[in-house]
Structures are given as C-alpha cells and as structure tokens.
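Heads up: the structure comes next, in structure tokens.
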Amino acid sequence: MIHFLVLCTGNSCRSQMAHAYLEYFCDTSKIKIYSAGIETHGLNPKAVKVLEQDGIDISHYNSNHVDQYRDIEMDYVWTVCDHAAEHCPVFPSVIKKIHIGFSDPAKAVGTEEEIIQEFINVRNQIKYSVLNLIHELELPVNYNHTKKTILPQSLATAELHQYLLGSVSPRPIAFVSTIDENGNTNLAPYSFFNAFSSNPPILVFSSNRRVEGNTTKDTLSNILKTKQCVINVVNYSIVRQMMVCSVDFPHDQSEFDFSGLTKADASQVKAPLVSESPVNLECEVTDVVTLGDQGGAGHLIICKVLCLHISQTVLDDQNRIDPHKIDLMGRMGRAFYVRASGPNVMALPQSQQLPIIGYQNLPKHILQSEILKANDLGYLAGMKSWPAISESIQKTKELNLPTVKSTEEFHKIARQYFDRRDYDTATHILNLLNS
Ligand SMILES: Cc1cc2nc3c(=O)[nH]c(=O)nc-3n(C[C@H](O)[C@H](O)[C@H](O)COP(=O)(O)O)c2cc1C
C-alpha cells in the first residue's frame, strides 16, 4: 500500500480538495490518501460546495492535525501552501516530498459570487495538479474515474478533430503527388493514411472537406479526373519541405516550386515521384468513398500499389527497411510530430503462437508486486515458459544479488533490468523467487 499525505496550514480547503481528487482519481485499494494541517481550522463549507459541483462529496471529511500521522511511513508528502512547506514536520521515511502551492481561496474578498469563483479557480488548479501528479508519479489509477466520456455530437467539429488526431497518433504521412489533365502537378501531405491489404496491395488516405468553407482539395479533384497518384513517404530530412506543401496554394501553382522538392518520372502513372523521398509508391485509385457533405467529411481514396521505388540506402543487410535509416516522421495532434528512429524505436519480440504463460498464470509475488510495472507483467505473460531454475541460478551468479531473497529487493533489482530492456536478466532474477 502506498501512503500519500497532503498537507496545508489548517486542513480546511486546499488540502481537503487535493485529498478528495487524489482519492477520487486513484485506485484506493493500492494507495491510501491522508490530509492534515499544521493546525486544524475545520472543513471549509465552500470547499464542500465547489467539490459537490464537480460531483464529489466531501461533507464527511474531517480536519486533522499532522501529528496524527507521524507514525505512518509516508511514501509521499505534498505541501499545498508555502506555510506548510516551511513548517512541515520531518517524516523520516518519506520517499518523496512535493511542493505545489496554491493561493488560499478562504482569503478571497468580494461578493459571495466572486469568492465562490475564486474557490472554483483554485479547485480547478488543484484538480489539474492532481491529474498531473498521478501521471508523473505513476500512481495507481481508478480508470473509471479518470476518463472523460464524450459524445461526438456534443463537440464542435474542430474540437472533435483535435481529440481524434491526438488519440489516433502518431499517424504515417502520405505525401501525395498528382497531376491534372493540363499537366499541373500537385503535392500535399495526408496523415489520415494507412496500409490495409498486402494482397492486393491497398493503401487508403482521406482527403477531407475543409472545416472552414466546406471546400474540397486539389488532390481529390485531380484524382477524380485521373484515377492515379504517387504516395511518397516523409522522412526527417524533408519534413519541413513537406509542411510547405500543406499550404493552400491556388490550383495552378505547384508545391514543387514552393518547397524546392524535385520531380522525377514515374513508370506506371503520370503523376511525378518526389526524388528526395526514400520510398515512392505508384498507385492506381480504384475507388473514392465519400463520407459526407459537411465540413470535415472525408473522402477515402483507395489506392492499389502498382510499383514501389525503395532507396537502397534505407535497407539493412537482409534487404528489409531499417527504421533508423528510413527515419520516418509521424503526425500527432496539433503541431506535434514524432521522428521514428533512435532510442524510442524498439524491437518487442513476442510469440504469436500458443502456448504463452498468460497474465492469469503468473506467480502471486509478481501479480501482487507494487514495484513491477504493467509492461513488466505483460512481458512475462507473453513468454512461452519460465526458464529452468538451474539456468536462472547460473545466469544470475555474477550479479551480486542479496543472499536473503527479499521479494521487494528482488523486484527492485529486476525492475532496473526491465528499464534497461534487459528482459532476460530481469526474468532470471524473478525466476529465482519462483523456486
Ligand atoms: C502532416 C499533415 C497531414 C495532413 N493530413 C491531412 C489529411 O489526412 N487529410 C486532409 O484532408 N488534409 C490533411 N492535411 C492538410 C492538407 O495537406 C492541406 O489541406 C493541403 O493544402 C491540401 O492540398 P491540396 O489542396 O493540394 O490537396 C495535412 C497537413 C499536414 C501538414
């Protein structure tokens, strides 16, 4: 059990609100929340009122003195006002002290309405800080309470668009070149894009009606006329030039000129390839599916790949695409992008065939661990079987493990190996506890 204390001067409003939100958003079977004051001023009724407005009842909470909790080994102590931070008694065993202070709404002056508004402001700041702390400290979460439920029709399209983009993320980017019947070339990025079939080889991207003005895009109109396009991939070295091509140019002005990217002839279609892109996929458009006629509605453009051009500079010695060499960019919500190379690209081998161990069959000491993380358990659940104990004894010989097998100590050591992605060593260490 994790023990978390929130402290302020009088345990009257700020610490009570933080206490309430922590209790509401955390999984209280794994974390116990306390709040206290250096003095006790009694529960402030306005704090009760503004929390009730947010659906949380704290009318049964008491104002407690910090001395009451001196004997509990606190993992976290959070001071929510400067006075408490300065006068916080020493908790010798506390793992982490946090200080995020808030102004005291009880000191607000003005009309009743203005004072309540100040309480609401501080409540909202505290709520945001609690959610932030839960995320940062990886506190156990009550998933039912942390999730906001939204019906699409309750949001403006632009707002819904951002939630969809932030959630379906990162997305690959189709950098689509097309040509019209007069030979005008066009180049534009589309991240509503993916591969959907290998046989036949089908890619789909969506050209949406603009939310403002409800107009359609040049890529769509060219494709409706020619039924052809080239999908070029976007790597780090051309990401800025790609962005230039997302500007809304008049139809007869070419993005190639504005971005400085170079055209090359395709072999199967009239639309040009982007020379600088490491992979170009020449496509025949087999279908366009219109999803609506309002701003934001998509047109699914279904593309059959006729020919692939892959730069050999991005291949490994097995002739496979090396993610670090191709260095692709992904689109996220708002102006965020991700560069898919370097330490964040990881190989996660996992058997696709039964048998696997399964979460439900993991040993109790692992299922009940407060140290191991969900991904550690996920890795173990996906293993085909545990190694033989003799092998684990052999493999851990040189690690200087403590001679007394304390579960907690062993889990902490295994955790460090998981963090370094040394899954084998972590498994062998945990396996010693299985014997
Ligand atoms: C990275 C990126 C991804 C984009 N993805 C899409 C998309 O999936 N669908 C869409 O309609 N517009 C998307 N856009 C906006 C279009 O690129 C933009 O409207 C462009 O001007 C369209 O050009 P066009 O009229 O020449 O086709 C994206 C823009 C960027 C920068």
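Please arrange Cys81, Cys8 by counting, for each residue, the other beta carbons lying within 10 Å of its beta carbon, fewest first.
On the way: Cys81 21, Cys8 31.
Taking fewest neighbouring Cβ atoms as first place, the list is Cys81, Cys8.
As a quick test, which of the pairs Lys32/Lys127; Lys49/Lys148; Lys49/Lys147; Lys46/Lys127 have an alpha carbon distance above 20 angstrom in this structure?
Lys49/Lys148; Lys49/Lys147
By the gyration tensor of its Cα atoms, with a ≥ b ≥ c the square roots of the eigenvalues, what is the shape of the range 136-178: rounded for a/c under 1.5, prolate for a/b over b/c, or oblate?
Oblate, since a/c reaches 1.5 and b/c is not below a/b.
What percent does the relative contact order of the chain come to when contacts are Cα pairs within less than 8 Å and at least six residues apart?
Relative contact order here is 10 percent.
Quick one: length gained pulling Glu136 to Leu377 fully straight, 0.36 nm per residue minus the C-alpha distance?
Difference between extended and current length: 84.7 nm.
Quote the relative contact order of the range 60-191 in percent (integer), defining contacts as alpha-carbon pairs under 8 Å separated by 6+ residues. Provide the component values of the computation, followed by the final result.
Numbers: 88 pairs, mean separation 16.0, N = 132.
12 percent.
Any idea what diffusion coefficient the range 2-146 gets from Stokes-Einstein, in µm²/s, Kirkwood Rh on alpha carbon pairs, 20 °C, 1.002 mPa s? Please list the in-between numbers first.
Details: Rh = 15.1 Å.
It comes out at roughly 142 µm²/s.
Quick check on the exposure proxy: order Thr262, Thr403, Thr396, Thr178 from fewest to most C-beta atoms within 10 angstrom.
Ascending Cβ contact count within 10 Å gives the list Thr403, Thr262, Thr396, Thr178.
Kirkwood Rh, Cα Rg: Rg to Rh for the chain?
Values: Rg = 29.0 Å, Rh = 26.8 Å.
Ratio value, two decimals: 1.08.
What spacing in nm lies between the two simple spin-label points modelled at Asn214 and Arg420, each 7 Å away from Cα in the Cβ direction?
6.1 nm
Hey, got the dipole for the chain? About the Cα centre, +1 on K and R Cβ, -1 on D and E Cβ, debye to the nearest 20?
About 800 debye.
Could you compute Rg(Cα) / (2.2 N^0.38 Å) for the range 166-344, with N its residue count?
Taking the Cα Rg and dividing by 2.2 N^0.38 Å, one obtains 0.99.
Compute the helix-to-body angle for 423-434: its Cα long axis versus the longest principal axis of the chain, expressed 0 to 90° and rounded to tens.
Helix 423-434 sits roughly 40 degrees off the main axis of the chain.
Tell me which GluC sites (Glu not before Pro) from the range 65-173 have a DSSP coil assignment and no more than 16 other beta carbons within 10 Å of their own.
Here the GluC sites (Glu not before Pro) that fit, given the DSSP loop and packing criteria, are Glu73, Glu138.
Rg over Rh of the range 11-62, using C-alpha atoms and the Kirkwood radius, what does it come to?
0.96
Please give, to one decimal in nm, the separation of the simple spin-label points placed at Lys32 and Val244, each 7 Å out from Cα toward the Cβ.
It is 6.4 nm.
Coordinate-derived values only; no laboratory data. Bear in mind the structure is a predicted one, so any value in this text is a computation, not a measurement. Reconstructed Cβ throughout: ideal geometry from the backbone, glycine too, with neighbour counts over all protein chains shown.
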